[in-house]
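The values are calculated or read from the model by the stated rules, or taken from the named source; none is laboratory data. What you see is a predicted model; the values in this text were computed from it and never measured. Quick reminder, even Gly has a Cβ in these numbers, built from the backbone with ideal geometry, and neighbours come from all protein chains shown.
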């Protein structure tokens, strides 16, 4: 299908994306003066401090608690509730502070769960007018247009959007909404008085291909608006939990929650688990704190937590990060629907949305498409498909920034994968042992070019002195999706902290027109007391993202020094280098600790090697050399090529207690794959059964099998394609008899490298069958002869040849005899058929030879008919008789008396056979002379026709 890039949708361009074309937004009059999409004011990063309702808590009572006991519990705590105590979740208010009220409720034996009523906020950070139009469209980044070629509907999978409500009359949403709910004011509908809910819902469900507005990711969606947030974009967990329960109870199969905040709430978590247990997939925005502060409900393991990238697939500076992030999706300048009554009159009701609030609905729409294609998928299976088939981005493998990678809609729906997003190369100063040496005074410029990267610098002092370390980033502007927030940590020679500084977000005045902080540069600066010897400086981007623009670090001898603060750095060196590529498959990773550690605490649990793509621990032996302070990880299984691995240190004990956790990532060299092992084919009739062993390959794309007739192997571009996939066997049907087939197999990796060819061959065979007679009398014997030969007439002794038979009136063959070929390839078998029969022979094939089957041959069996005439001479007017038996007996069937005259036989009478097969005819000839008679059995499904011997009577 045709597709116009969505990056044309920017502030100042009066256009909107719909499937198939670029459509000019129009007002109701269709005037040539077109309104622009609306860009809401900028919203700063939310505070990382948890907020909760001051005099209220959330309570879930035990299922067996009676109504009276529940009411007594509320009263005993000095509280009251407006909710039914029979509800899943009850909000209890009181005069006490929320923490004190929580203690009282938790102490009651009838309470199962209780929590502070945390406040959550919308996760969008609406952008300003500075949008980088040179980047790819965000829909293309997630490969949504390709996915639409596979599916254009979410079918009956209702998608619930828990947010600020919806503008139900928006022309791009009409016809795509089902009945919703307002948890904040149950007597009112889910009316959007903020705008955020209409934006997030439109990203999922805006009508596609309708000639106006924007196209929702789900193309054709049934969306359920559930209002859980107020006009300011905030809401309490009690309403969110109620909204989850309501949506799950009213048919939602996928839930989007573009909201969150710090503070773990077990009651909210319980509502999430209840919905997931009902088969509901829940997608949640990771948050916009730009830190690794845990955000809820995104951090709950049952949900899919979504980080935000720009349209180029680069993590934004506002996106929260941590090991709880599952996938990433574009969340920068996403155009969607906006409430008409909240849109300024000079704008069209389409708003630009930036934030993880906008990336989560993209994943939600894809999840609904997946759920529709595989309706029996559990939430875990939906999540697994999105995660495993995501495109890797940032540090290779699962990482805290992109999770499993950027979601790939096309691959998730069964399409072919595409290349991963590139990662910038390491810069060589990833650990203290490789720190870049600088002399004071110093000025150094460098970028943080990989997410989570740390740049290390080393200063040597002859004597104790005070140093001032400053790092200034490039221009920080909310018009950029990625910015640098300088963080400095200074360590002594033992890597103990002596000073630190951070400046993560501008405090400059905001532009009143956009609500965006004025463009500025951020500087972090610290004064430290540097002892004689080595001082280490670590520079990071505080928000975890990468910024290829350079920062500037200056080091000068000045200042008053400072008191040490911060966390000691745990290691001095790690091998292979952090973020390094092309590690050898025989690598034995090592960790050199910065200070003395307790040798007994070094083991395969505290020092591990993990497959970065799957998260599984790699089998390895861990040893420790106390003299060098080095732990060595020796894998007990081969490392895979082109595979990310993560070194994980956690729980190691030092002199002062547990040292700080540490991780480092490297990935192995991308080698040409090895050939398939044990490639073999077993022949059958018109079929070949092929099997092979897939070699250990870190980035397997597919095994390719092709065939050629005769003896010349095919190439990757010739012959007939038999198989392309990741399996280890295939049944190749539809082959011809009497043909030799040569098969070839290759392993192809995701980088396009192809293994050496493996081949196998099946030789063509031919068989024949004959019978000593094709018509015999009942009780007679035939000899069936056959041969099984190679197509060049070579014979094999001992080949199994199966002789099959079926009655002529049946279609089912049964095995008559299992024979073995002689040295000449021949077989024979004597047989006495009781009915007319069809015979054929087969050779089933073996590891080298194709199977065969002969044509059918038919042997007719005729009954025997005895006939006795007495007397054989009579006078004219007298009577003679012909009688006898038909064998086998055909009781109830007719036989006919035939008389010969005028050179033809003519039936003159008939009788039915009795159970013994006996018949009898009386004859009174009308003329003198000699007359010939015979008995005729006309044949049936089992037997051929038969005649008795001729009988002659003389009439005088």
Please specify each residue of the stretch 498-515 satisfying the condition of being in contact with a strand residue (DSSP E or B) (Cβ under 6 Å, 6 or more places away or on another chain), crowded, with 17+ Cβ neighbours inside 10 Å, within 30 Å of residue 394 (Cα to Cα) and in contact (Cβ under 8 Å) with a residue 40 or more places away in the chain.
499, 500
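Name the residues in the stretch 321-331 that are under 21 Å from residue 612 (Cβ atoms) and buried (at least 24 other Cβ atoms within 10 Å of the Cβ), would you?
321, 325, 326, 327, 328, 329
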Considering each of 627, 620 in turn, give the residue that is over 18 Å from residue 578 (Cα atoms), surrounded by 15 or more Cβ atoms within 10 Å (Cβ to Cβ) and modelled with pLDDT of 95 or more.
620
The stretch 167-196, residues that are over 23 Å from residue 282 (Cβ atoms) and either part of a strand (DSSP E or B) or not assigned by TED's automatic domain parsing to the domain that holds residue 375 (or both):
191
For the stretch 726-739, indicate whether the set of residues that are closer than 29 Å to residue 639 by Cβ and at pLDDT below 95 is non-empty.
yes
Failed condition for residue 695, given (1) assigned to a loop (DSSP other than H, G, I, E, B); (2) within 21 Å of the chain's Cα centre (by Cα):
(2)
Just name the residue that is surrounded by the most Cβ atoms within 10 Å (Cβ to Cβ) out of those in the stretch 149-166 that are assigned to a loop (DSSP other than H, G, I, E, B) and in contact with a strand residue (DSSP E or B) (Cβ under 7 Å, 6 or more places away or on another chain).
164
Buried (at least 24 other Cβ atoms within 10 Å of the Cβ), within 28 Å of the chain's Cα centre (by Cα) and assigned to a strand (DSSP E or B): is that true of residue 199 in this structure?
no
Quick check: is even one residue across the stretch 454-473 within 17 Å of residue 551 (Cβ to Cβ), at pLDDT 95 or above and outside any strand (DSSP E or B)?
yes
On the given criteria, is residue 187 free of Cβ contacts under 8 Å to residues at least 12 places away in the same chain, over 24 Å from residue 371 (Cβ atoms) and surrounded by fewer than 24 Cβ atoms within 10 Å (Cβ to Cβ)?
yes
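So if I check each of 548, 588, which one is in contact with a strand residue (DSSP E or B) (Cβ under 6 Å, 6 or more places away or on another chain), surrounded by fewer than 17 Cβ atoms within 10 Å (Cβ to Cβ) and under 27 Å from residue 402 (Cα atoms)?
Numbers: 588 fails: under 27 Å from residue 402 (Cα atoms).
Just a single option satisfies the conditions, and that option is 548.
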Check the stretch 677-684 and report whether any residue there is farther than 18 Å from residue 723 by Cβ and buried (at least 17 other Cβ atoms within 10 Å of the Cβ).
no
Please verify whether the stretch 633-652 includes one or more residues that are without any contact (Cβ under 8 Å) to a residue 40 or more places away in the chain and either more than 28 Å from residue 394 (Cβ to Cβ) or part of a strand (DSSP E or B) (or both).
yes
Would you check if there is a residue in the stretch 866-884 being exposed (fewer than 13 other Cβ atoms within 10 Å of the Cβ) and within 60 Å of the chain's Cα centre (by Cα)?
no
Residue hits (the stretch 388-420; surrounded by fewer than 18 Cβ atoms within 10 Å (Cβ to Cβ) and in contact (Cβ under 8 Å) with a residue 12 or more places away in the chain) are 388, 414, 415, 417, 418, 419
In the stretch 206-229, anything closer than 24 Å to residue 344 by Cα and either in a strand (DSSP E or B) or at pLDDT 95 or above (or both) is listed as 225, 227, 229
Can you confirm whether the stretch 476-484 contains a residue that is free of Cβ contacts under 8 Å to residues at least 60 places away in the same chain, within 19 Å of residue 315 (Cα to Cα) and out of contact with any helix residue (DSSP H, G or I) (no Cβ under 7 Å at 6 or more places or on another chain)?
yes
Quick one: which of 311, 298 is buried (at least 24 other Cβ atoms within 10 Å of the Cβ), in contact with a helix residue (DSSP H, G or I) (Cβ under 6 Å, 6 or more places away or on another chain), assigned by TED's automatic domain parsing to the domain that holds residue 367 and part of a loop (DSSP other than H, G, I, E, B)?
311
Give the stretch 273-294 a look and list any residue that's part of a loop (DSSP other than H, G, I, E, B) and free of Cβ contacts under 8 Å to residues at least 40 places away in the same chain, or say none.
278, 294
